[in-house]
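These notes are about the structure you will find just below.
None of the figures in this text is laboratory data; all of them are computed from the coordinates on show. Quantities reported herein were computed from a predicted structural model and do not represent experimental measurements. Glycine gets a Cβ as well: all are built from the backbone with ideal geometry, and neighbour counts include every protein chain shown.
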Amino acid sequence: MTDLQRKFLGLGQRPALILVDVINGFTNPACPLGSESDSVVSACRRLLDVFRSKRLPVFFTTVVYRNDSQARVFRQRIPALNVLEPDSEWVKIDPRLAPVDGETIIEKQWASGFFKTDLQQRLEAAGADSIVVGGLTTSGCVRATAVDGLQNDYRVVVAREATGDRNLAAHESNLFDLQAKYVDVLALRDVVENIARLPTGSGGNPGAELGVSSLFALSISLFSYVANRI
C-alpha cells in the first residue's frame, strides 16, 4: 500500500507555542511517571526563547486531578496518574521552562490539551493561526494535542527534538504517523529559523496585553465553553 499524498503546510503568520506537560512529574525520573528528559527540556527552551523574542502566544499544559471523579477510567488504567494532585510538586512546570507573566497554563485531565479545556477559545482570542507543539510524551499527550489542533483547523508543526517518550520505538513510530497524516514534523532548527523570520508580534497571551475586542471575544468564548459543560 502506498503512502497518502500530502502537502506541506508549515506555519502561518501568528503561530502559538503549546508546550505539553513539561511538568516535574514527567521530566523528573524520581516520579513514577517521569523519565530522563533533559534534551527535550533544552529543545523546548529554545522554542520558548524564540517565541518570546517575537512576542507570540505561549501556552503550557499540566495534568491535575482535583477529585476522584475526574478521568476515573484513565486513572484506573494508569494508577501512577494519581500522584498528580493539586498541591504536588509533580504538577508544576519544570523550573527550567517556568512561565512568565502573560503565559497561560492549561489544566487538563486527559491526553489532549484541547479536551474539556478552554485552549481553543484562548488560541482564538490570541489570534493564533497555527501552532507549534512540543513536550511530553510523544505517543500520548503530544500526539493527542497535535491531532486535536488539526481537528480545530490549525496548521500544526511538531518540533522533533522538543518531544520525547519513555519508549524510543513509540516516539519514532508516532512521529512517523503524525507526519504521514496530520501535521508537519520538523527539525527543531528549522522551526526556530521559521519563527525567527516572522515579524515581531504586538502582544502576548490573553490576559496580558489584549485589546478590548480580543478580551470581549475571549469572554464570549469562555462563556460558551462553561455553558457547554454545565
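Quick look at the numbers
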| read-out | value |
| --- | --- |
| 5 angstrom amide H check on Thr104, placed H, neighbours 5+ away | Val58, Phe60 |
| Amide hydrogen neighbours beyond the local backbone of Val185, cut-off 5 Å, H modeled | Val158 |
| Positive dipole terminus of the stretch 1-59, leading residue within Asn28, Phe8, Ala43 (C-beta point charges) | Phe8 |
| For Pro199, net neighbour charge (Lys/Arg +1, Asp/Glu -1) across residues whose Cβ lies under 14 Å away | +3 |
| Backbone HN-Hα couplings from phi across the stretch 147-158 [Karplus 6.51/-1.76/1.60, Hz, Gly and Pro as x] | 5, 5, x, 4, 5, 9, 6, 9, 5, 10, 10, 9 |
| Computed magnitude of the charge dipole of the stretch 15-229 (debye, nearest 20; Cβ of K, R +1, Cβ of D, E -1) | 200 |
| The stretch 41-103, Cα convex hull volume normalised per residue, Å³ | 111 |
| Table column - 3J(HN,Hα) (Hz), the stretch 163-170, Karplus curve with 6.51, -1.76, 1.60, x for Gly and Pro | 10, x, 8, 5, 10, 4, 5, 5 |
| Cleavage-rule hits, chymotrypsin sites (Phe, Trp or Tyr not before Pro), the stretch 1-73, DSSP coil, Cβ neighbours within 10 Å at most 11 | Phe8 |
| Around Val64: net Lys/Arg minus Asp/Glu count, Cβ-Cβ under 13 Å | 0 |
| Label assignment, Cα Rg over 2.2 N^0.38 Å derived from the structure, set [x] 1.05; [y] 0.97; [z] 1.23 | [y] |
| Sequence-distant residues sharing a close amide H with Thr137 (under 5 Å, placed H) | Val142 |
| Euclidean distance of C-alpha centroids, the stretch 145-178 and the stretch 1-28, integer Å | 5 |
